[in-house]
Structures are given as structure tokens and as C-alpha cells.
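The values are calculated or read from the model by the stated rules, or taken from the named source; none is laboratory data. On a predicted model such as this, the values are computed, not experimentally measured, just so you know. Cβ: placed from backbone, ideal geometry, glycine included. Neighbour counts: every protein chain shown. Quick note on the areas: whole protein, heavy atoms, side chains included, nothing else; ligands and nucleic acids left out. Shrake-Rupley method; radii C 1.70, N 1.55, O 1.52, S 1.80 Å.
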Amino acid sequence: MTAEQLWKQSGLTGEYEAWAFSDATDKLAALVCEGTKTATCSSYDMYAVENEPIPKVGEYSVILDSKDNAVCIVRTTKITICPFKDVTAEHAYKEGEGDRSLDYWRQVHKEFLESELESIDMAFSEDAKVICEEFEVIK
């Protein structure tokens, strides 16, 4: 099913974004659908360089799998922008990955952010800002 088909089927109106997780796409999408993953994190600098608007509370997203199939719809419930070093254990747990600990979160997200920032010729720092987004599954 396409993002547009799922959106129409949902009965929701208005605008939405359709996107897939860039790492472990299918695994993370499945964690969202089952309700384990209720948060995500991205690089503030990537949004700035790509001139993309920062997600806002109340926005809808159609989550896609690795084949661009729509798997669910989420609504953003909270946005926090903070330095990487200040991400909380609570947020790490809500991301639903690995053992859900802050140590695990820091390890995998440091690697992810290093790679992302390298693609725009920036170096990772513990002070680099991240966008922590929380969401709920709508459909």
C-alpha cells in the first residue's frame, strides 16, 4: 500500500510527510507498528543544511518500509532540541532499540550521527544538537 492509499484509508485530512528510517528501515518500522518505538532522533544540523523544516507537534507522518510500502501513521506529540550529551534515559527507552538503555542509545546514535554529519562535511561532537521527536501510532 502506498502512503497516499493509507492516508486516504485512515480518514484523516490535511498534510502529512511520508518517510522511512535511514538505518535498519524494516526493523525500526516494525518497532513503531508494534508500539515499542515511540520516539526517534535526528541531527539538527542536517535539517539546517538541507533547509528542511523541523518537525512540529501535531504533524502526521506515514512510516514507510524499505520498499516504500506504508506501514503505519504516527502523530508527533513532543519535540525536544538539545545537545547529544543531554539526551535522557527516558528518551533512549522510548526509542525502543537494543536493550533500550542510554548507553546503547549513545553508542548506536553516535555512529549514526557521525556518518550523517560526515556527509555534510561536519564533525560529530557531544555538543551537537539533536532533534528528539516523540510520536503515537494513529493507524
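Among the residues of the stretch 1-11, write down those that are of a type outside the set (Phe, Trp, Tyr) and open to solvent by less than 50 Å² (accessible area, probe 1.4 Å).
If we filter the stretch 1-11 for residues that are of a type outside the set (Phe, Trp, Tyr), which is where we start, we get 1-6, 8-11.
Residues satisfying the conditions are Ala3, Leu6, Ser10.
Give the residues of the stretch 115-129 that are outside any loop (DSSP other than H, G, I, E, B) and modelled with pLDDT of 95 or more, sorted by residue number. Spell out how you get there, then give the answer.
Step one: filter the stretch 115-129 for residues outside any loop (DSSP other than H, G, I, E, B), giving 115-118, 129.
Result: Lys129, single match.
Step by step: first the residues of the stretch 32-53, then only those that are open to solvent by 50 Å² or more (accessible area, probe 1.4 Å) and touching a residue at least 24 places away in the same chain (Cβ under 8 Å), then the one that is farthest from the chain's Cα centre (by Cα). Which residue is that? Walk me through how you get there before you give the answer.
First pass over the stretch 32-53, keeping only residues open to solvent by 50 Å² or more (accessible area, probe 1.4 Å): 33-34, 44, 47-53.
This time we only want the ones that are touching a residue at least 24 places away in the same chain (Cβ under 8 Å), so: 33, 44, 47, 49.
On the way: Cys33: 13, Tyr44: 12, Tyr47: 13, Val49: 18 Å.
Among them, the one singled out is Val49.
Kindly establish whether Glu59 is in contact with a Lys or Arg (Cβ under 8 Å, 6 or more places away or on another chain), open to solvent by less than 60 Å² (accessible area, probe 1.4 Å) and within 28 Å of Lys139 (Cβ to Cβ). Please lay out each step first, then the result.
Values: in contact with a Lys or Arg (Cβ under 8 Å, 6 or more places away or on another chain): yes; open to solvent by less than 60 Å² (accessible area, probe 1.4 Å): no; within 28 Å of Lys139 (Cβ to Cβ): yes.
Criteria not met by Glu59.
Quick check on the stretch 12-31: of everything there that is within 10 Å of the chain's Cα centre (by Cα) and surrounded by fewer than 17 Cβ atoms within 10 Å (Cβ to Cβ), which residue is nearest to Val62 (Cα to Cα)?
It comes out as Trp19.
With the requirement that a residue be farther than 26 Å from Ile120 by Cα and open to solvent by 70 Å² or more (accessible area, probe 1.4 Å), what does the stretch 68-83 give you? Show your work before the answer.
At the first step, the residues of the stretch 68-83 found to be farther than 26 Å from Ile120 by Cα are 69-78.
The one that is farther than 26 Å from Ile120 by Cα and open to solvent by 70 Å² or more (accessible area, probe 1.4 Å): Lys78.
Can you name the condition, by its number, that Val74 falls short on among (1) free of Cβ contacts under 8 Å to residues at least 60 places away in the same chain; (2) more than 18 Å from Glu111 (Cα to Cα)?
For Val74, the exception is condition (1).
State all residues of the stretch 87-99 that are hydrophobic (A, V, I, L, M, F, W, C) and either surrounded by fewer than 19 Cβ atoms within 10 Å (Cβ to Cβ) or assigned to a strand (DSSP E or B) (or both); if no residue qualifies, say none. Can you show your working first?
Filtering the stretch 87-99 for residues hydrophobic (A, V, I, L, M, F, W, C) gives 87, 89, 92.
Scanning the stretch 87-99 gives a single hit, Ala89.
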